[in-house]
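J.: I'd like to ask you about the structure that follows.
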Amino acid sequence: MLPTRCALPLASSALALALLAGCTAPASAPTPARDGLEPTTSVSAAVGQENAAPAPPPTGAGLDYQLGGAYPPPDGVTVVVRDVTDSPAGAGYDVCYVNGFQTQPGESETWLRDHPSLVLRDDDGDPVADPGWPDELLLDTSTDTARREIAQVVGAQVDACADAGYDAVEPDNLDSFTRSDGALTQGDNLALAALLIERAHARGLAIGQKNTVELGADGPALGFDFVVAEDCAVHDECADYAAAYGTRVLEIEYDDEPGFTDRLAAACTRGVSVVGRDRGLSTPDDPGYAFEPC
């Protein structure tokens, strides 16, 4: 018999977290290794302070999205997003990327070995992969027990972000429910998101909603402090993100979509932090590298 799901009201983050606190207590989690990573000084005094108010990214700041590999931030960049396995840039405000709702590429076998019950399965019992990223497996957020176990594994990475000196965390693939063929719901993923928000805020980290425009005002109501929006101009979503978050938006426009120059120019008038990048998010020594600031 499957554990009963814990329903998630969206009226307010405080109410959501209070109700979630009444569900099954979390188990202890391993702390991920971060060999060779040196903490840097953060601009946010909240980082590392118990239950301190997190500082969202500054609006309209120079932005770089460095998930394909860390490199010195270009001139004018003060907000940098890097993977949890990389050290903060120390250029002003640092955002730490973790894969919150799917497995990271190269880590699927580890999840299947160490946490097999947390990977979503199809009717034949096979792991469900993201069609666009077949080396990423969807995590099963459908029960409260599974969500709390996932939150402990991913939460250890959130802790590692805080320990390294990041200001904020960006948990990716909040929209995995749209790729689950109905096995997962938006409410399932928001219930896990509430746990990750609680974990991040307890460490003084701001936390960003990743894409998932269909949330509307429910994102900030749940407790997300800002949003990371990819190609919102391509998908005609920028106004919706602005309606929910104002200028607390980190916008990435990719150069492989039509109208890149015009999209970037329009984005630079919205008062948000914007960067134009290549889809592979490569480093400057790669021939495909593209970095276009406002």
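What follows draws every value from the coordinates through simple rules; no lab data is involved. Quantities reported herein were computed from a predicted structural model and do not represent experimental measurements. Ideal geometry is used to build each Cβ from the backbone, glycine not excepted, and the neighbour counts take in all protein chains shown.
J.: Compute, for the range 168-292, the length of the dipole vector about the Cα centre, with Cβ point charges of +1 (Lys, Arg) and -1 (Asp, Glu) only. Units Debye, rounded to 20.
T.: Dipole magnitude for the range 168-292 comes out near 540 debye.
J.: Hey, any idea what Rg/Rh is for the range 161-218, computing Rh the Kirkwood way over Cα pairs?
T.: My calculation puts Rg/Rh at 1.02.
J.: With +1 on each Lys and Arg Cβ and -1 on each Asp and Glu Cβ, how big is the dipole of the range 78-149 about its Cα centre, in debye rounded to the nearest 20?
T.: Roughly 360 debye for the range 78-149.
J.: Pull out a ≥ b ≥ c, the square roots of the eigenvalues of the alpha-carbon gyration tensor of the range 76-210, then state rounded if a/c is under 1.5, prolate if not and a/b is larger than b/c, and oblate in the remaining case.
T.: Prolate, because a/c is 1.5 or more and a/b exceeds b/c.
J.: Please state, rounded to one decimal and in Å, the Kirkwood hydrodynamic radius that the range 193-266 gives when every pair of distinct Cα atoms enters the mean of 1/r.
T.: That comes to 13.0 Å for the range 193-266.
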